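The values are calculated or read from the model by the stated rules, or taken from the named source; none is laboratory data. Computed from a predicted model, the values in this text were never measured in an experiment. Quick reminder, even Gly has a Cβ in these numbers, built from the backbone with ideal geometry, and neighbours come from all protein chains shown. Each accessible area value is taken on the protein alone, full model and side chains, heavy atoms only, with ligands, DNA and RNA left out. Shrake-Rupley method; radii C 1.70, N 1.55, O 1.52, S 1.80 Å.
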Amino acid sequence: MESADLLIVGGGQSGLSTAHTATRIGLRPIILEASDEAVGSWPAYYDSLALFSPARYSALPDRPFPGDPERYPSRDEVIGYLREYAAALDADIRTGHRVDSVTRQPDGTLCATTAHGDFRAPIVIAATGGFGNPYRPALPGLDTFAGHVLHAAQYRNPKDFADHRVVVVGGGNSAVQIAVDLADVARVSLATRGPLKWFRQRTLGKDLHWWLTRTGLDTAPLSRVLGGQTMAVIDDGRYKSALATGNPDHRPMFTTLAEDTVTWSDGTTEHLDTVILATGYRPHLNYLHNLGALDPDGKPQHKHGISTAVPGLGYVGLEWQRSLSSASLRGAARDAGYVLKRLRGTG
């Protein structure tokens with residue numbers, strides 16, 4: 001069994017931020033990453049994905065995002081950035097090491113079990129995000145619908161949907177972006193339970209994230225007020241304009257699905273080929289089930305990233321962990337510093 005000062009489960013943006021923070025305070029971390037490189041889930045995201053925050057607000061510690069700081073980097077640019085960040089990081093990164101379980105040892109240390117052996121440390125940080133646990137709500141008729149059903153996590157590009165009738169379920173950034181992406185080749189409706197909410201991407205020449213930072217709204221108190229609410233769609237005008245054309249269109253949630261049809265709230269029924277669920281994710285923490293760290297619904301029991309059930313266990317990268325940016329590139333490092341200080345008893 002190998003030992004370390006700190007085990008980090010997950011080598012994406014949250015895990016890399018945590019490792020950087022750990023080395024800065026003299027800890028010797030090991031990152032256990034399931035895939036073959038430490039770039040998180042970014043290679044699995046849809047092709048057209050672009051960040052909703054400018055490059056200047058999308059960097060990890062001590063390595064500015066290259067290029068124009070006001071541009072909105074693409075998915076592939078983020079992948080390249082994370083590759084370079086991991087290569088320059090002074091940390092022991094074990095790729096191909098999927099953690100099957102975390103358990104507590106008789107001496108109080110925590111042990112992470114992988115197919116390549118066991119690792120133990122006094123502190124474990126769960127930094128696996130939620131992409132591996134897409135949320136699929138119970139929608140009327142979904143179980144009997146014979147068409148194509150996929151989650152946004154499975155969507156890549158429009159090429160397989162030419163001439164399809166598609167309903168995208170969800171009212172967040174990904175739902176709107178996927179619906180607009182598909183509209184060039186398919187007939188698309190965006191279905192939501194309530195009205196869409198919009199944020200202007202730029203106001204008075206400044207990006208939304210500039211305003212959030214300058215006004216102090218991107219802080220922990222805001223997360224206690226807004227945490228769990230549906231976020232607004234950040235738009236530079238393109239998405240509202242696209243919806244105004246009628247393809248995609250925006251409709252109230254359908255009443256039911258049948259074998260190959262959808263029935264809308266106004267009573268009309270039409271043929272349907274595909275349903276895409278852009279309905280978000282839940283924390284991907286199945287490896288903690290036997291540790292007693294999760295509640296009956298599988299959610300982590302924590303306060304601002306510090307486990308309230310298991311000493312020595314922390315989280316980085318949970319949505320609304322301490323602020324609205326906790327699950328983003330810019331928020332992970334701030335939360336990592338907070339969590340490590342408290343788990344070490346120094347803050």
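All told, Arg214 falls short of being in contact with an Asp or Glu (Cβ under 7 Å, 6 or more places away or on another chain) and either without any contact (Cβ under 8 Å) to a residue 24 or more places away in the chain or part of a loop (DSSP other than H, G, I, E, B) (or both). Can you name the residue in the range 135-164 that is within 26 Å of Ile234 (Cα to Cα) and more than 24 Å from the chain's Cα centre (by Cα) and, of all such residues, is most open to solvent (accessible area, probe 1.4 Å)? By that ranking, first place goes to Lys159.
Close contacts from the range 68-92, counting a first residue that is among the acidic types (Asp, Glu) and a second that is in a loop (DSSP other than H, G, I, E, B) and surrounded by 13 or more Cβ atoms within 10 Å (Cβ to Cβ), with Cβ to Cβ under 6 Å and a gap of 6+ residues or different chains, come to Glu70/Pro54. Can Leu294 be described as closer than 25 Å to Thr103 by Cα, of a type in the set (A, V, I, L, M) and at pLDDT below 95? Judged against the criteria, Leu294 is not a match. Residue count for the range 242-273 under the criterion of being open to solvent by 40 Å² or more (accessible area, probe 1.4 Å), in a strand (DSSP E or B) and in contact with a helix residue (DSSP H, G or I) (Cβ under 8 Å, 6 or more places away or on another chain): the result is 1. If I filter the range 213-241 down to residues being of a type outside the set (Asp, Glu) and buried (at least 19 other Cβ atoms within 10 Å of the Cβ), which single residue comes out as modelled with the highest pLDDT? So the residue we want is Tyr239. Screening Ala22, Ala126, Ala121 for residues that are open to solvent by less than 10 Å² (accessible area, probe 1.4 Å), over 30 Å from Lys206 (Cα atoms) and touching a Phe, Trp or Tyr at 6+ places or on another chain (Cβ under 8 Å) leaves exactly one candidate, Ala126.
In the range 177-211, the qualifying residues are those that are out of contact with any Asp or Glu (no Cβ under 8 Å at 6 or more places or on another chain) and of a type in the set (Gly, Ala, Ser), and the one that is nearest to Thr255 (Cα to Cα) is Ala191. Looking at the structure I just gave you, is Arg344 touching a residue at least 12 places away in the same chain (Cβ under 8 Å), of a type in the set (D, E, K, R) and either open to solvent by less than 10 Å² (accessible area, probe 1.4 Å) or out of contact with any Lys or Arg (no Cβ under 9 Å at 6 or more places or on another chain) (or both)? Answer is yes for this residue. Checking each residue in the range 279-297 for being outside any helix (DSSP H, G or I), under 23 Å from Thr109 (Cα atoms) and open to solvent by less than 40 Å² (accessible area, probe 1.4 Å) picks out Leu285, Ala293, Leu294. Within the range 186-205, residues that are at negative phi sit with their Cβ atoms under 6 Å from residues that are part of a strand (DSSP E or B) and open to solvent by 50 Å² or more (accessible area, probe 1.4 Å), at 6+ positions apart or across chains, in these pairs: Ser189/Arg251; Leu190/His250; Ala191/Arg251.
The test for being open to solvent by less than 60 Å² (accessible area, probe 1.4 Å) and touching a residue at least 60 places away in the same chain (Cβ under 8 Å) does not hold for Ala38. Within the range 119-150, the set of residues being assigned to a strand (DSSP E or B) and farther than 21 Å from Arg98 by Cβ comprises His148, Val149, Leu150. Does Leu324 meet the test of being open to solvent by 40 Å² or more (accessible area, probe 1.4 Å), in contact (Cβ under 8 Å) with a residue 60 or more places away in the chain and in contact with a helix residue (DSSP H, G or I) (Cβ under 7 Å, 6 or more places away or on another chain)? Answer is yes for this residue. Of all residues in the range 168-211 being charged (D, E, K, R) and under 15 Å from Ser48 (Cα atoms), which is farthest from the chain's Cα centre (by Cα)? Step by step, filter the range 168-211, then rank; the result is Asp184.
Would you say Thr95 is within 22 Å of the chain's Cα centre (by Cα), touching a residue at least 24 places away in the same chain (Cβ under 8 Å) and surrounded by fewer than 19 Cβ atoms within 10 Å (Cβ to Cβ)? Answer is yes for this residue.
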